[in-house]
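Undergrad: Dropping a structure here in structure tokens format, bear with me for questions.
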Amino acid sequence: MHILVIEDEKKVAEALKKGLEAESYRVTVAHTGEEGFFQLNAELFDFVLLDLMLPGRDGIEILETLRKRGIETPVIILTARDGVEDRVLGLDSGADDYLVKPFAFPELLARIRLILRRGKKEQLLRLSLADLALDLVTRKVTRGSEPIELTVREFELLEYLLRNQGRIVSREMLSRDVWQVKDRSTPLDNVIDVHIARLRRKVDGPFDRKLVRTVRGLGFVIKEEA
């Protein structure tokens, strides 16, 4: 799971990063509101830990913008503001929880686990678009009542596209997040294109409605036709 920490106090941010990585979370840190907002627009995160008092954009502005765009990524606010009105503002702006500094790290971990379980279990375990469904537990993929057999890599690729449905996914994003290749000294573009073509044949080939598309010069997107 990939967590974005938006925290301007570098010691706090580093402590959070170290602790979360020790729990096997993948962590990206942003030290300003602008940097955090850029990261949220640049890639997909599973969870956000958000300070309120940030240089550039403040936390409430970032949170409200996310929710207005329909992005439901879980967010915990981490802040020194402990007034009731601050808590109400944060929760009303779309936060899933609110934790006042200083806090115990095990409590933060417990709250993350709770939010991931609470009311989001089905969403986390099953991804769908139109009549296409992907089950993360059984690892079965279907369109309507028709099963679709995918390789491990094709399944990972489809999962990533569905988690980003409606958004253009670049080859660089796929290289980094699906193939886990950070140094692209040898580009994977041809490999990615081959896998996309195979996936499209299986997911779209036999069906009238096409879902997987190539966006020339940018990457790929999975979405329903208008």
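Undergrad: Of all residues in the stretch 129-143, which are modelled with pLDDT under 90 and of a type outside the set (D, E, K, R)?
TA: Selection gives L136, V137, T138.
Undergrad: Tell me, which helices (runs of 4 or more DSSP H) lie completely within the stretch 1-96 with 2 or more residues that are touching a Gly at 6+ places or on another chain (Cβ under 7 Å)?
TA: So the answer is 33-42, 59-68.
Undergrad: Identify, by number, the condition in (1) without any contact (Cβ under 8 Å) to a residue 40 or more places away in the chain; (2) in contact with a Gly (Cβ under 7 Å, 6 or more places away or on another chain) that V152 doesn't meet.
TA: Of (1) without any contact (Cβ under 8 Å) to a residue 40 or more places away in the chain; (2) in contact with a Gly (Cβ under 7 Å, 6 or more places away or on another chain), only one is false for V152: (2).
Undergrad: Let me ask something additional. Exactly one of these conditions fails for A104: (1) within 27 Å of V178 (Cβ to Cβ); (2) without any contact (Cβ under 8 Å) to a residue 60 or more places away in the chain. Give me its number.
TA: Every listed condition holds for A104 apart from (1).
Undergrad: Condition first: at pLDDT below 85, assigned to a loop (DSSP other than H, G, I, E, B) and touching a helix residue (DSSP H, G or I) at 6+ places or on another chain (Cβ under 7 Å). Now tell me which residues in the stretch 155-187 satisfy that.
TA: V181, K182, R184
Undergrad: Another one. Given the criterion among the acidic types (D, E), in contact with a strand residue (DSSP E or B) (Cβ under 9 Å, 6 or more places away or on another chain) and at pLDDT 80 or above, identify the matching residue among D51, D82.
TA: D51 is the lone residue from the list that is among the acidic types (D, E), in contact with a strand residue (DSSP E or B) (Cβ under 9 Å, 6 or more places away or on another chain) and at pLDDT 80 or above.
Undergrad: In the stretch 199-218, what count of residues is obtained for those that are surrounded by 15 or more Cβ atoms within 10 Å (Cβ to Cβ), in a helix (DSSP H, G or I) and of a type in the set (D, E, K, R)?
TA: Count: 2.
The values are calculated or read from the model by the stated rules, or taken from the named source; none is laboratory data. These numbers were taken from a predicted model, which means no experiment stands behind them. In this analysis, Cβ positions are derived from the backbone assuming ideal geometry, glycine residues included, and neighbour counts consider all displayed protein chains.
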